[in-house]
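Asks: Input: one structure, supplied below.
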Amino acid sequence: MKAVRIHKTGGPEVLQLEDIELPPPGPDQVRIKHTVIGVNFVDTYHRSGLYNMPLPAILGSEAAGVVETVGSNVRTLKVGDRVAYCMVRGAYADAANVPAWNAVKLPASISDEIAASALLKGLTARYLLKATYPVKRGQTILLHAAAGGVGLIAAQWAKYLGVRVIGTVGSDDKAELAKANGCDVVLNVRGEDWVKRMRELTNGAGVPVVYDSIGKDTFMRSLDCLDVRGMLVYFGNASGAVPPFDPLILSGKGSLYLTRPTLASYMRNAEELKETSDDLFAVVASGAVRITVNQRFKLKDVRAAHEALHSRSTTGATVLLP
């Protein structure tokens, strides 16, 4: 089968499409023939070496498809089931062996493309808004990268929960997209003093929570946007990792809270995964959250997909087609 592997870390040029043999699934695994593969910014962290992993490695951690083979211990799935999974590396390929508990059955209302586009990003938006900092109706929040994959889902979901959303983007085109997907106000981080503007929008008080997936370029200014005892939810490094800083800064800015969550901590077992994915599929099926797939690449064109991510020219979801 075809798979995209890296033998060393680096830029998009290290991505290699190769022929490999996939062994039979283990007793607790299923083999999934992929129909659509999700592309996420975290894939670039694995490729670049920001997040270490053994090499050589197949990239990607999200896909949808059909169960081809089940392991001897598997009772929850059968051949022919439509499923999706995330947080299991090895998705940039024609097929993958995945722990059965990680594979979520897809309802008829959710297409393979929507599932592969939405599972990782949607479960991320879900834990941000409903677990890490559970938002409340009537609150105002600040959401960075509001036109990105997670941002578009989170903004719509927050709006559905009765929250006023201030989003940030990096261009005027992305501002229009963010406004059309749940943001009440959109600030351009490259064209205005967004901290000052955010303070004006909250009558000087700041917001109770900032969701920041940008990292280095926005981290310190995000702290300046928080109300007393507010929380900075720092969940991504799109501009690079945040350098070490003095924790006393948090007390000086109003006894602030800081957390660095990851999705794995919110889907530790089959029960948590089912609860969160059921919630996601329900809100998508209701129409409250629309999933937009704006970039599609063939698996062989994976380098172009990663180059598009780095240029920040993408909006919504990006997928690969085997």
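Asks: In region 114-154, how many residues are touching a Lys or Arg at 6+ places or on another chain (Cβ under 6 Å) and either closer than 20 Å to THR202 by Cβ or surrounded by fewer than 24 Cβ atoms within 10 Å (Cβ to Cβ) (or both)? Even if it seems obvious, please write down each step before you answer.
Replies: Taking region 114-154 and keeping what is touching a Lys or Arg at 6+ places or on another chain (Cβ under 6 Å), we get 140, 147, 149-150, 153.
Restricting the remaining residues to those that are either closer than 20 Å to THR202 by Cβ or surrounded by fewer than 24 Cβ atoms within 10 Å (Cβ to Cβ) (or both) gives 140.
Final tally of qualifying residues: 1.
Asks: Could you count how many residues in region 7-36 are under 21 Å from GLY240 (Cα atoms) and more than 20 Å from the chain's Cα centre (by Cα)? Quick ask: steps written out before the conclusion?
Replies: Step one: of region 7-36, the residues under 21 Å from GLY240 (Cα atoms) are 8-15.
Still in the list and also more than 20 Å from the chain's Cα centre (by Cα): 8-11, 13-15.
Residues in region 7-36 being under 21 Å from GLY240 (Cα atoms) and more than 20 Å from the chain's Cα centre (by Cα): 7 in total.
Asks: Kindly evaluate ALA103 against the criterion of being buried (at least 23 other Cβ atoms within 10 Å of the Cβ) and either polar (S, T, N, Q) or within 28 Å of ALA308 (Cα to Cα) (or both).
Replies: Values: buried (at least 23 other Cβ atoms within 10 Å of the Cβ): yes; either polar (S, T, N, Q) or within 28 Å of ALA308 (Cα to Cα) (or both): no.
No: the conditions fail for ALA103.
Asks: Same structure again: Can you spot a residue in region 95-114 that is polar (S, T, N, Q) and more than 24 Å from ARG5 (Cβ to Cβ)?
Replies: The initial filter retains those residues of region 95-114 that are polar (S, T, N, Q), namely 97, 102, 109, 111.
Checking which are more than 24 Å from ARG5 (Cβ to Cβ) leaves us with 109, 111.
Scanning region 95-114 turns up at least one residue that is polar (S, T, N, Q) and more than 24 Å from ARG5 (Cβ to Cβ).
Asks: Between a residue in region 245-271 that is under 28 Å from GLY204 (Cα atoms) and of a type in the set (D, E, K, R) and any residue that is at pLDDT 95 or above and surrounded by fewer than 12 Cβ atoms within 10 Å (Cβ to Cβ), which pairs come within a Cβ distance under 6 Å, given they are 6 or more apart or on different chains?
Replies: Partner pairs satisfying both residue conditions: none exist.
Asks: For residues in region 214-237 being small (Gly, Ala, Ser) and at pLDDT below 95, which is farthest from ILE249 (Cα to Cα)? Even if it seems obvious, please write down each step before you answer.
Replies: Of the residues in region 214-237, the ones small (Gly, Ala, Ser) are 215, 222, 230, 236.
From the residues that got through so far, the ones that are at pLDDT below 95 too are 215, 236.
Working: GLY215: 17, GLY236: 20 Å.
Step by step, filter region 214-237, then rank; the result is GLY236.
Asks: Look through region 51-72, keep the residues that are out of contact with any helix residue (DSSP H, G or I) (no Cβ under 8 Å at 6 or more places or on another chain) and touching a residue at least 40 places away in the same chain (Cβ under 8 Å), and return whichever of them is nearest to LEU106 (Cα to Cα). Quick ask: steps written out before the conclusion?
Replies: Restricting attention to region 51-72, the residues satisfying the condition of being out of contact with any helix residue (DSSP H, G or I) (no Cβ under 8 Å at 6 or more places or on another chain) are 52, 54-56, 58, 66-69, 72.
Subsequent filtering for residues that are touching a residue at least 40 places away in the same chain (Cβ under 8 Å) retains 55-56, 58, 69, 72.
Details: LEU55: 32, PRO56: 31, ILE58: 24, THR69: 17, SER72: 22 Å.
Here the answer is THR69.
Asks: I would also like to ask the following. Could you please find all residues in region 276-312 being surrounded by 14 or more Cβ atoms within 10 Å (Cβ to Cβ), part of a loop (DSSP other than H, G, I, E, B) and either of a type in the set (S, T, N, Q) or at positive phi (or both)?
Replies: Within region 276-312, THR292, ARG312 qualify.
Asks: Give the number of residues within region 37-61 that are of a type in the set (Val, Ile, Thr), surrounded by fewer than 24 Cβ atoms within 10 Å (Cβ to Cβ) and either within 14 Å of the chain's Cα centre (by Cα) or not assigned by TED's automatic domain parsing to the domain that holds GLN295 (or both). Steps first, please.
Replies: Applying the first criterion (of a type in the set (Val, Ile, Thr)) to region 37-61 yields 37, 39, 42, 44, 58.
When the remaining residues are screened for being surrounded by fewer than 24 Cβ atoms within 10 Å (Cβ to Cβ), the result is 42, 44, 58.
When the remaining residues are screened for being either within 14 Å of the chain's Cα centre (by Cα) or not assigned by TED's automatic domain parsing to the domain that holds GLN295 (or both), the result is 42, 44.
Within region 37-61, residues that are of a type in the set (Val, Ile, Thr), surrounded by fewer than 24 Cβ atoms within 10 Å (Cβ to Cβ) and either within 14 Å of the chain's Cα centre (by Cα) or not assigned by TED's automatic domain parsing to the domain that holds GLN295 (or both) number 2.
Condition check ((1) more than 20 Å from CYS225 (Cα to Cα); (2) at pLDDT below 95) across all residues:
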| site | (1), (2) |
| --- | --- |
| SER117 | yes, yes |
| LEU123 | yes, no |
| ALA131 | yes, no |
| PRO134 | no, no |
| THR140 | no, no |
| VAL165 | no, no |
| VAL169 | no, yes |
| ASP172 | yes, yes |
| ALA180 | yes, yes |
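Asks: Something else about it: Of the residues that sit in region 163-214 and are among the basic types (Lys, Arg) and more than 20 Å from the chain's Cα centre (by Cα), which one is nearest to LYS121 (Cα to Cα)?
Replies: Start the filter on region 163-214 by keeping residues that are among the basic types (Lys, Arg), which leaves 164, 174, 179, 190, 196-197, 199.
With more than 20 Å from the chain's Cα centre (by Cα) added as a condition, the list becomes 164, 190, 196-197, 199.
Values: ARG164: 21, ARG190: 25, LYS196: 29, ARG197: 28, ARG199: 29 Å.
My answer is ARG164.
The values are calculated or read from the model by the stated rules, or taken from the named source; none is laboratory data. Quick caveat, the model's predicted, so the values are computed rather than measured. FYI the Cβ positions are ideal-geometry reconstructions off the backbone, even for glycines, and counts take in every protein chain you see.
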